[in-house]
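Peer 1: Got a structure for you, written out below as structure tokens; questions coming shortly.
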Amino acid sequence: METTHDYLMMGFRLLGSLALLIFGMKLMSETLQKMAGPGLRHILARMTTNRFTGMLTGVLVTATVQSSTATTVMTVSFVNAGLLTLAQAISIIMGANIGTTLTAWIISAGFSFNITDFVWPAFVVAMFLIYRKRHENVGDFLFGIAFMFLGLGTLRQTGVDMNLGENEAVLRFFSSFDPNSFTTTLLFLLIGGVLTMCVQSSAAVMAITMILCSSGALPIYQGIALVMGENIGTTVTSNLAAMTASTQARRAAFAHMFFNFFGVSWMLLVFHPFVDFVCQLVGGGVDKLSFVLATFHTCFNIVNTSILIWFIPQIERIVCWVIRGGQETGDKRPEVRLQYLDAGPMQAPEIAVLQAQKEVQLYGQRVQQMFKMVLQLFGEHDKERFVHVFTQIENEEDATDKIEIEIAKYLEKVSDEHLSDDTKQKIRRMMREISELESIGDACYNLARTQNRLQESGKDFTATQQEQLQNMLTLCDNALTQMNSVMTGHRHEHDIQETFRIENDINRMRQQLKADNIRAVNEREYDYNVGTMYIDLINECEKLGDYVVNVVEARFSK
């Protein structure tokens, strides 16, 4: 009974220490992304001039944030935004595979000596720092490191206490597999992949593998097969998450899977000689097996990248052939699907904000396209074609309402995370922007409805009214163009005064046209009903100009 109780408590210690390890790495990664997020995004956007700089960028970013997933999410968002080509994204993902091997070295270091002695001072320092606003992020980072190393230290001690190397049942189980058998290698590779998919953390599976190998229970060949399986398991997870995502997101995820599957395939052909080489490189001894695993992980990814980096164009063609682009449909009703916010579960809040910014930019472009439909409506004299365009505008108005709600829900979800002050301000700006963009969509629909009323009345504007109205609509289109230019660039690259100038021109024209309309109605140049619809259009254009100014002001606010 006592033995059962001991094993039960050891099991809880094992699971608890793994939970501490995963939580610590997650906290450390998210804090690093928060502190260096904007800088990392600029690095990804600019340091990818060729396949080699792209690969080095992936190494640098992943080693910095300790998350290949975060690097992949950032990369996919830039591909979707057109800032990176798929070929550049593939080179970054290759680098991310090398950068993530640093995690294995950190874990192996934790198994080499009792690292928990350094944890307690880190907790004390972190506790004081988190209460100082200026150093809150540093405190969170220290907490992440402390939890990670506390988990590693507890895991190491638990492995020692379990005495797996002398447990006959465990030794008998692993010895039942022939280490020289190809079937055994494939079986443990499969186990590693399944475990990684189940626990959603390759670091946790790596830690378990190191415990088993360091204790002498698991032969090094099976341990390395588990490591290879982890490489496959982590790519399957990302592909499942990207199943409902955009075409480019699925291509990037598949490229990651292809890269790792190819690496595992050639490694299986030279498995035992390669493992023997790594063991000789590190040196003998059970106490060094954790370093053997880390060395193998690094060598494997470096060699695999060195081979495949020369074939990026071919990989791109294979990926595009396997995952073809979506076919355009003739459906009149536009599909309401967010392009940048559907790439699976949100992995990193700071990166999620970047994706939301891209979605808001796309939203701005969409409402301008809706305004283009309104311009098309004003020049349409064929009744059947008029009804077709008006129906499209009605559908777009419904779509813009839904997009605002979906983006707002996403931003509310992100705002629940632990964010930097700068990121919180960005979310507030985007909330205001999407509200004003939805109002622009309403204004476009109101313009279309008024024009539809005119069409149904059987009357038409005079040539002078049509010319004046066209001038007003052109100003509104210029305002929308300027708005989208501001939203897609950096704030320092634009002058808010240009937007104010266009809005002042709209206001002056409205005042002039209102006065002209009163005079024309009094002089019976056209009837009162036509004059009312005409001035409704003018007033709606003026409102649209105000909404545009509100979007730009939100973008420039601090």
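The values are calculated or read from the model by the stated rules, or taken from the named source; none is laboratory data. Quantities reported herein were computed from a predicted structural model and do not represent experimental measurements. No Cβ is skipped: glycine too gets one built from the backbone with ideal geometry, and neighbour counts run over all protein chains shown. We work out accessible area using only protein heavy atoms, side chains counted, and drop any ligands, DNA or RNA first. Shrake-Rupley method; radii C 1.70, N 1.55, O 1.52, S 1.80 Å.
Peer 1: Using a Förster distance of 41 Å, how high is the FRET efficiency between Phe118 and Ser435, based on the Cβ-Cβ distance and rounded to 0.05?
Peer 2: On the way: r = 49 Å, r/R0 = 1.21.
Computed FRET efficiency for Phe118 and Ser435: 0.25.
Peer 1: Then there is this: How big is the gap, in Å, between the Cα center of the range 387-409 and the Cα center of the range 427-462?
Peer 2: 11 Å
Peer 1: A further question follows. What GluC sites (Glu not before Pro) in the range 507-558 are in a loop by DSSP, with at most 13 other Cβ atoms within 10 Å of the Cβ?
Peer 2: Glu523
Peer 1: Testing the spin-label approximation: label points 7 Å from Cα along Cα→Cβ at Thr391 and Arg524. State their distance in nm.
Peer 2: Those two pseudo-labels are separated by 4.2 nm.
Peer 1: Quickly work out the Ile130-to-Leu8 label distance, labels modelled 7 Å from Cα along the C-beta direction, and quote it in nm with one decimal.
Peer 2: Calculated label separation equals 3.2 nm.
Peer 1: Starting with the highest mean, order 50-63, 501-514 by the number of other Cβ atoms within 10 Å, averaged over the residues of each peptide. All intermediate terms of the calculation are to be shown ahead of the outcome.
Peer 2: Working: 50-63: 21.5, 501-514: 16.5.
Most protected by this proxy first, the peptides run 50-63, 501-514.
Peer 1: With the crude spin-label approximation of a point 7 Å out along Cα→Cβ, what separation in nm comes out for Val303 versus Asp276?
Peer 2: That separation, rounded to one decimal, is 1.3 nm.
Peer 1: Provide the FRET efficiency to the nearest 0.05 for the Leu268-Phe311 pair, computing r from the beta carbons and using R0 = 22 Å. All intermediate terms of the calculation are to be shown ahead of the outcome.
Peer 2: On the way: r = 19 Å, r/R0 = 0.88.
So the FRET efficiency works out to roughly 0.70.
Peer 1: Using a probe radius of 1.4 Å on heavy atoms only, what accessible surface per residue do you get for the range 452-506? Whole Å² is fine.
Peer 2: On the way: 2810 Å² over 55 residues.
Normalised by residue count, the accessible surface of the range 452-506 is 51 Å².
Peer 1: Pull out a ≥ b ≥ c, the square roots of the eigenvalues of the alpha-carbon gyration tensor of the range 386-502, then state rounded if a/c is under 1.5, prolate if not and a/b is larger than b/c, and oblate in the remaining case. Please report the intermediate quantities before stating the final value.
Peer 2: Values: a/c = 4.15, a/b = 1.68, b/c = 2.46.
Oblate shape, in that a/c is at least 1.5 and b/c is the bigger or equal ratio.
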